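Novice: Take a look at the following structure, please.
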Amino acid sequence: MANPLIHSKSSVKRWGGKVEDYLAIHELIDSPKATMNNNSARVLTHNSWFAYTIIPKIFGYNITNSSGKSVDTIDIAMLHILEDFRMKFVPTAQDYLKHFNLPDWVHNGVKMIDNPDSVEMADLFLEKLRKECEEKFAS
């Protein structure tokens, strides 16, 4: 498989309806590609935790496709993941994480991260919180 459109066409073959019925789910599952255009981005969404926990929180447990058929959103996500892994397995989050070498900054910020954008994001948010606090106590 390769992209949300191809996955959506596969969903249409399996459950009927139109490509548009499934596209948003498949786009979300493939959305990490925007951060890293290689298969390592799959760690975020191509796992059973994402399929069983996140997908239903966003799309509900079922969608009704344009043919009027109720389709389980977890099934849609699981098929997407299976297709990307050649119908062999659906990894768990642990399958990915057990192979990670964690940098020191992961451990509660004891060491500094080497990404200035991450530091800037925190600084901007902390400034927002400071302003909100000042406004609250000024009134």
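The values are calculated or read from the model by the stated rules, or taken from the named source; none is laboratory data. Note that the coordinates shown come from a computational prediction; the quantities given were computed from them, not determined experimentally. For neighbour counting, all protein chains shown are included, and Cβ atoms are generated from backbone atoms with ideal geometry for every residue, glycine included.
Novice: Which of the numbered conditions does LEU5 fail, given that it passes all the others? Conditions: (1) within 25 Å of TYR96 (Cβ to Cβ); (2) without any contact (Cβ under 8 Å) to a residue 24 or more places away in the chain.
Specialist: (1)
Novice: Any chance you could count how many residues in the stretch 94-120 are part of a helix (DSSP H, G or I) and modelled with pLDDT of 90 or more?
Specialist: Of the residues in the stretch 94-120, the ones part of a helix (DSSP H, G or I) are 94-97, 104-106, 116-120.
Next cut, modelled with pLDDT of 90 or more only: 94-97, 116-120.
Residues that pass the stated criteria total 9.
Novice: Follow-up. Which residue out of SER31, SER40 is assigned to a helix (DSSP H, G or I), surrounded by fewer than 18 Cβ atoms within 10 Å (Cβ to Cβ), in contact with a Leu (Cβ under 9 Å, 6 or more places away or on another chain) and not basic (Lys, Arg)? Please lay out each step first, then the result.
Specialist: Values: SER40 fails: in contact with a Leu (Cβ under 9 Å, 6 or more places away or on another chain).
Being assigned to a helix (DSSP H, G or I), surrounded by fewer than 18 Cβ atoms within 10 Å (Cβ to Cβ), in contact with a Leu (Cβ under 9 Å, 6 or more places away or on another chain) and not basic (Lys, Arg) holds for just one of SER31, SER40, which is SER31.
Novice: Mind counting the residues in the stretch 84-139 that are surrounded by fewer than 10 Cβ atoms within 10 Å (Cβ to Cβ) and of a type in the set (Phe, Trp, Tyr)?
Specialist: 2
Novice: Right, something else. Does PRO91 qualify as being in contact (Cβ under 8 Å) with a residue 12 or more places away in the chain and more than 17 Å from LEU23 (Cβ to Cβ)?
Specialist: Details: in contact (Cβ under 8 Å) with a residue 12 or more places away in the chain: yes; more than 17 Å from LEU23 (Cβ to Cβ): yes.
Against the criterion (in contact (Cβ under 8 Å) with a residue 12 or more places away in the chain and more than 17 Å from LEU23 (Cβ to Cβ)), PRO91 qualifies.
Novice: Now a separate question. Testing GLY17 on (1) more than 20 Å from PHE100 (Cβ to Cβ); (2) small (Gly, Ala, Ser); (3) outside any loop (DSSP other than H, G, I, E, B), one condition comes back false. Which one is that?
Specialist: (3)
Novice: Which residues, taken from the stretch 93-139, are closer than 28 Å to TRP49 by Cβ and either in contact with a Cys (Cβ under 6 Å, 6 or more places away or on another chain) or among the charged types (D, E, K, R) (or both)?
Specialist: Going residue by residue through the stretch 93-139, those that are closer than 28 Å to TRP49 by Cβ are 93-111, 113-115, 117-118, 121-122, 125.
Once the filter is applied, which keeps residues that are closer than 28 Å to TRP49 by Cβ and either in contact with a Cys (Cβ under 6 Å, 6 or more places away or on another chain) or among the charged types (D, E, K, R) (or both), the stretch 93-139 yields ASP95, LYS98, ASP104, LYS111, ASP114, ASP117.
Novice: Here is a further query. How many of the residues in the stretch 10-37 are more than 19 Å from ALA93 (Cβ to Cβ) and either more than 13 Å from the chain's Cα centre (by Cα) or small (Gly, Ala, Ser) (or both)?
Specialist: 17
Novice: Also, quick follow-up: For the stretch 74-118, name all the residues that are closer than 22 Å to LEU28 by Cβ and among the hydroxyl-bearing types (Ser, Thr, Tyr). First the steps, then the outcome.
Specialist: Here is the first cut: in the stretch 74-118, the residues closer than 22 Å to LEU28 by Cβ are 74-87, 89-97.
Residues satisfying the conditions are THR92, TYR96.
Novice: Here is a further query. Could you list, in sequence order, the residues of the stretch 60-74 that are within 13 Å of SER11 (Cβ to Cβ) and free of Cβ contacts under 8 Å to residues at least 12 places away in the same chain?
Specialist: Selection gives ASP72 alone.
Novice: So PRO91 ticks every box in (1) assigned to a helix (DSSP H, G or I); (2) in contact with a Phe, Trp or Tyr (Cβ under 9 Å, 6 or more places away or on another chain) but one. Which box is left unticked?
Specialist: (1)
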